[in-house]
Ligand SMILES: Nc1ncnc2c1ncn2[C@@H]1O[C@H](COP(=O)(O)OP(=O)(O)OP(=O)(O)O)[C@@H](O)[C@H]1O
Ligand SMILES: [Mg+2]
C-alpha cells in the first residue's frame with residue numbers, strides 16, 4: 001500500500017528536490033517513508049508512503065515478519081517507486097527493541113573522566129561485550145529535586161555529588177544490518193536514530209511537564225515518559241496491533257486478512273453490517289489486547305507519579321495502532337490522564353484537502369516524520 005502524493009504536490013515543489021530529505025521507519029510490519037523540503041523555516045510535505053512487509057515473507061498485510069536486510073532493501077526500493085520519492089538522503093530509525101536507553105547516576109566528574117567511566121558503568125546494563133555495541137550518552141542538565149527514574153535500587157546520594165547521564169546503546173550487528181539495508185536501497189543515510197527520539201520530535205510540543213508517549217505498533221507497544229524534553233523512563237509491552245488482529249480472527253473464525261481489514265475499517269465502532277451479537281464479539285476481541293496495553297500504561301503512569309510525586313498529565317498515542325477507529329473514546333475511558341492522538345503531519349505543510357487523511361494515518365508516520373524533521377533542522 002502506498003499513498004503517492006507527488007503528482008499532486010509537484011506544482012508546489014516546482015519539481016525540484018534540492019534540500020529534500022527522507023525519514024525512513026522500518027517497522028516489524030511495514031516500512032514508512034516521509035519526504036520533506038525546507039521552505040522559509042517550514043517543512044513542506046513532498047510525499048509519503050507505506051509498504052507492508054508481510055507479502056515479502058509470504059504473510060498477509062499487517063503481520064510482523066523477520067526479513068533479511070536485502071529483502072527489506074528491495075521493499076524500500078519498491079516503496080520509493082510507489083511513492084515517487086526523489087530525495088536520496090535522510091535518516092533511518094533503529095527499533096527501540098534493538099537498543100538500550102537508560103539513565104546512569106554517576107559522580108560529578110569532567111567530560112574526559114566521564115568518557116572512561118561510562119563504558120564501565122554501561123557494562124552493568126548490557127548483556128553482551130561492550131565491544132559489540134555502539135555507545136552514546138549525554139549529561140542531563142540539573143533540575144532541583146529530580147531523581148533518576150532508574151535509581152530505585154540504589155541508595156540516595158547527595159544531589160550535588162552526582163550527575164545523570166542518558167545512555168544509549170545499539171548492537172553493532174543491528175547497525176551492520178541497517179547498513180546493508182541502506183546500501184541495497186541506494187539511500188545515503190546521514191544518521192541512525194532510536195525511534196523513541198524521532199517519535200518525540202514529531203509528536204510532542206515543547207513543554208516541561210512529564211508526558212507519556214505510547215507507540216502501538218504491530219508486534220509491540222512502546223512507552224516513553226518524557227520530561228523537559230528528556231526521556232526519563234521506557235517500557236516495552238509485547239502486545240500490539242497484530243495480536244488484536246489474531247484474536248479477532250480466532251474469535252470470529254475469519255482469515256487474518258479479513259480480521260485486519262475489519263479492525264482498520266470498523267475498529268471499535270459498531271457497524272450495521274453485523275448483528276448485535278457479532279458487534280459485541282468483535283469489540284470484545286479487540287478490547288482484550290487493548291485492555292492489556294492500557295493497564296500497562298496506567299501502571300507506568302502510577303509508578304512514575306508515585307515515585308517522583310509528579311503527575312503525568314497527558315498520554316500521546318502514536319503508531320499505526322493509534323488509528324483504530326473509536327480508540328480515542330476508549331482511551332479516555334480507560335486511562336488515568338488526558339489523551340491525545342499524535343498528529344505528526346501537523347508539523348508539515350500540505351494542501352488543506354489532505355488534512356483529514358493526514359490526521360487519520362498520521363500516528364503511524366510519527367517516527368518517519370520525526371526523522372525527516374531532524375535532518376531538516378540539521379540537528
Ligand atoms: N486504521 C487502523 N486501525 C487499527 N489498526 C491499524 C490501522 N492502521 C494500521 N493499524 C495497525 O497498526 C499496526 C502497524 O502499526 P505500525 O506501522 O506503527 O507498526 P510497525 O512499526 O510495523 O511495528 P512495530 O513498531 O511493532 O515494529 C498493525 O497492527 C496495523 O494493523
Ligand atoms: Mg513501529
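None of the figures in this text is laboratory data; all of them are computed from the coordinates on show. On a predicted model such as this, the values are computed, not experimentally measured, just so you know. Because the Cβ atoms are built from the backbone with ideal geometry, glycine has one as well, and the counts that use them run over all protein chains shown.
At a Förster distance of 56 Å, what's the computed FRET efficiency of residue 40 paired with residue 161, Cβ-Cβ distance as r, to 0.05?
Details: r = 48 Å, r/R0 = 0.85.
Rounded to the nearest 0.05, the efficiency is 0.70.
Based on the Cα atoms of segment 169-310, what semi-axes does the equivalent ellipsoid have, where each is the square root of 5 times one gyration tensor eigenvalue, given in whole Å with the largest first?
Numbers: eigenvalues 213, 118, 33 Å².
Each semi-axis is the square root of five times an eigenvalue, giving 33, 24, 13 Å.
Sticking with the crude label model, points 7 Å out along Cα→Cβ, report the distance from residue 136 to residue 258 in nm, one decimal please.
Calculated label separation equals 4.6 nm.
Can you give the calculated 222 nm mean residue ellipticity of the chain, where each DSSP H run of n ≥ 4 adds -39,500 (n - 2.57) and the sum is split over every residue, rounded to the nearest 500 deg cm²/dmol? Write out the running numbers ahead of the final one.
Working: 11 runs with 139 residues, N = 379.
So the calculated ellipticity at 222 nm is -11500 deg cm²/dmol.
Stretched out fully, how many nm does the piece from residue 125 to residue 313 gain, at 0.36 nm a residue minus the Cα gap?
Numbers: separation 188, 0.36 × 188 = 67.68 nm, distance 2.98 nm.
Full-extension gain reported as 64.7 nm.
Along the Cα→Cβ direction, 7 angstrom out, place labels at residue 281 and residue 191. What is the inter-label distance in nm?
Once both label points are built, they end up 5.1 nm from each other.
Translational diffusion coefficient of the chain at 4 °C, 1.567 mPa s, Stokes-Einstein with Kirkwood Rh over Cα pairs, in µm²/s as a whole number. It would help to have the intermediate numbers written out before the result.
Numbers: Rh = 21.8 Å.
D = 59 µm²/s.
Could you check the spin-label model distance between residue 74 and residue 356? Points 7 Å from the Cα along Cα→Cβ, value in nm.
Result for the modelled spin labels: 4.0 nm.
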